[in-house]
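Each remark here refers to the structure printed beneath this line.
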Amino acid sequence: MARPKIALIGAGQIGGTLAHLAAMKELGDVVLFDIAEGTPEGKALDIAESGPSEGFDAKLKGTQDYADIAGADVCIVTAGVPRKPGMSRDDLLGINLKVMKSVGEGIAKNAPDAFVICITNPLDAMVWALQQFSGLPANKVCGMAGVLDSARFRHFLSLEFDVSMKDVNAFVLGGHGDTMVPSVRYSTVGGIPLPDLVDMGLTTQDRLDAIVQRTRDGGAEIVGLLKTGSAFYAPATSAIEMAEAYLKDQKRVLPCAAHCDGELGVKDMYVGVPTVIGAGGIEKVLNIKLNKEEQEMFDKSVDAVKGLVEACKAIDSSLA
Ligand code: APR
């Protein structure tokens, strides 16, 4: 059986890391597409040359021609510009919306059966626009944010309790921005919900609140340190986890920006929710129950995403 084909649209910091991870995990052959001449070709060759030492079998190709992504099983989109210090993800909207138009058309023409994972920010609005521009089925287009935000939350929690990250389960709902909702009640350490751990005296509410805030600011913390761009190792790893769930029909329960049709009170828009990812793409959105306080936070986050979608419609009348 032929290897799956993974197309990476955007061969910058995240795109290059995605290619390296996909090859090392032997998820399939990789095509790196970018408008910057030489960048995708150079990265493809460099990663291919790591194959003999690492011992993986995967072909890598760099290109500026959308025809080379033909028949891709998975497309992961990072094309666009990242944040600089002082910028919010929303500041990227105008530039990256134009990029989504060309990417959406390129995917629709050449890889209409692919499972598409968008990473470009501002995530929830860009994945919505990408689905609109590409016309692909909504369950085959999703955005990577929840896995990353949850991984950050899990990392900080594992440090707080000094336990293995493997035993920390946590998830983050809502938009991938300042209003995201790290779910304290549904997050656990070894199966024990976080509020119980406060009652047990293993941490305090204040420390937990600080971890929640650090999670919300997780992307900005990295931008502040790097100064020249935004995070790329963890974002790439998170998207690969989603791609693998699709390619191997793992039916993983992963939070991601998925199209909601009434779930959690959200109608016809993309926002971060718990999903099941398998061979059918986004096979389910888990319609979890939120309490009053969580619902208020979630609704605020949904409103922020709605504002960005309206801004997209104001910029590009074909979306209205
Ligand atoms: N088509 C294809 N590639 C494009 C296009 C386009 N129309 N416009 C820009 N690119 C390419 C750039 O040439 C660059 O190589 O997208 C790549 C982006 O790479 P980086 O600048 O290194 O950005 P990166 O850190 O990978 O982040 C990409 O993901 O997390 C988000 O906020 C982040 O929106 C940003 C995106």
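Between 0 and 90 degrees, rounded to the nearest ten: what's the tilt of helix 233-247 against the longest Cα principal axis of the chain? The angle comes out at about 80 degrees.
Among the chymotrypsin sites (Phe, Trp or Tyr not before Pro) within region 157-207, not one is in coil by DSSP while having at most 12 neighbouring Cβ atoms inside 10 Å.
Out of Leu27, Leu197, Leu136, any idea which swings most in a Gaussian network model of the chain, alpha carbons joined below 10 Å? Sorting by GNM fluctuation, first place goes to Leu197.
Secondary structure note: in the chain, about 55% of the DSSP beta bridges are antiparallel. When a/c reaches 1.5 or more, the comparison of a/b and b/c decides; with that in mind, is region 177-320 rounded, prolate or oblate per its Cα gyration tensor? Because its axes are fairly even, with a/c under 1.5, region 177-320 counts as rounded. The residues neighbouring Gln250, those whose beta-carbon lies less than 12 Å from its own, together hold a net charge of -1 under the Lys/Arg +1, Asp/Glu -1 convention. Exposure proxy for Ile9, Ile211: other Cβ atoms within 10 Å of each Cβ, ordered fewest to most, give Ile211, Ile9. Each Lys or Arg adds one and each Asp or Glu subtracts one; over the other residues with Cβ under 10 Å from the Cβ of Leu173, this totals -2. What shape does region 262-320 take by its C-alpha gyration tensor, where a ≥ b ≥ c are the square roots of the eigenvalues and a/c under 1.5 counts as rounded, a/b above b/c as prolate, and the rest as oblate? Since a/c reaches 1.5 but b/c is at least a/b, the shape of region 262-320 is classed as oblate. Spin-label model, Glu54 to Asn291: label points 7 Å out along the Cα-to-beta-carbon direction sit 4.5 nm apart. Between Ser318 and Glu37, the simple label model (points 7 Å from Cα in the Cβ direction) yields a spacing of 2.6 nm. Based on the Cβ-Cβ distance of Asp303 and Lys98, what FRET efficiency does E = 1/(1 + (r/R0)^6) give at R0 = 25 Å, to the nearest 0.05? Rounded to the nearest 0.05, the efficiency is 0.50.
Compared with the dominant principal axis of the Cα atoms in the chain, helix 39-48 is inclined by about 80°. The phi-based Karplus calculation (6.51 cos²θ - 1.76 cosθ + 1.60; θ = phi - 60°) puts the 3J(HN,Hα) values of region 183-200 at 8, 6, 5, 8, 9, 9, 10, x, x, 8, x, 4, x, 5, 5, 5, 4, 6 Hz, whole numbers, x for Gly and Pro. For the chain, the longest principal axis of the C-alpha atoms and the axis of helix 292-315 are separated by about 30°.
Bridgeable lysines around Lys109 (alpha carbons under 20 Å apart, same-chain partners fewer than 8 residues away excluded): Lys5, Lys61, Lys98, Lys101, Lys140.
Other residues whose C-beta falls under 14 angstrom from the C-beta of Lys292 contribute a net charge of -1, scoring Lys and Arg +1 and Asp and Glu -1.
What separates the Cα centres of region 195-260 and region 104-118 is a distance of 26 Å.
Shown for region 237-307: lysine pairs separated by 8 or more places, or found on different chains, whose C-alpha atoms are under 27 Å apart, numbering 16. Pull out a ≥ b ≥ c, the square roots of the eigenvalues of the alpha-carbon gyration tensor of region 214-287, then state rounded if a/c is under 1.5, prolate if not and a/b is larger than b/c, and oblate in the remaining case. Oblate, because a/c is 1.5 or more while a/b does not exceed b/c. For region 183-238, state which trypsin sites (Lys or Arg not before Pro) are in a DSSP loop and have at most 15 other beta carbons lying within 10 Å of their beta carbon. Taking region 183-238 and a limit of 15 other Cβ atoms within 10 Å, the loop trypsin sites (Lys or Arg not before Pro) found are Lys227. Per residue of the chain, the DSSP helices (runs of n ≥ 4 H) give a summed -39500 (n - 2.57) that works out to -13500 deg cm²/dmol at 222 nm.
Throughout, read-outs are computed from the coordinates displayed, never taken from laboratory work. Small disclaimer: the values here were computed from a predicted structure and weren't measured. All Cβ positions, glycine included, derive from the backbone under ideal geometry; neighbour counts span all protein chains shown.
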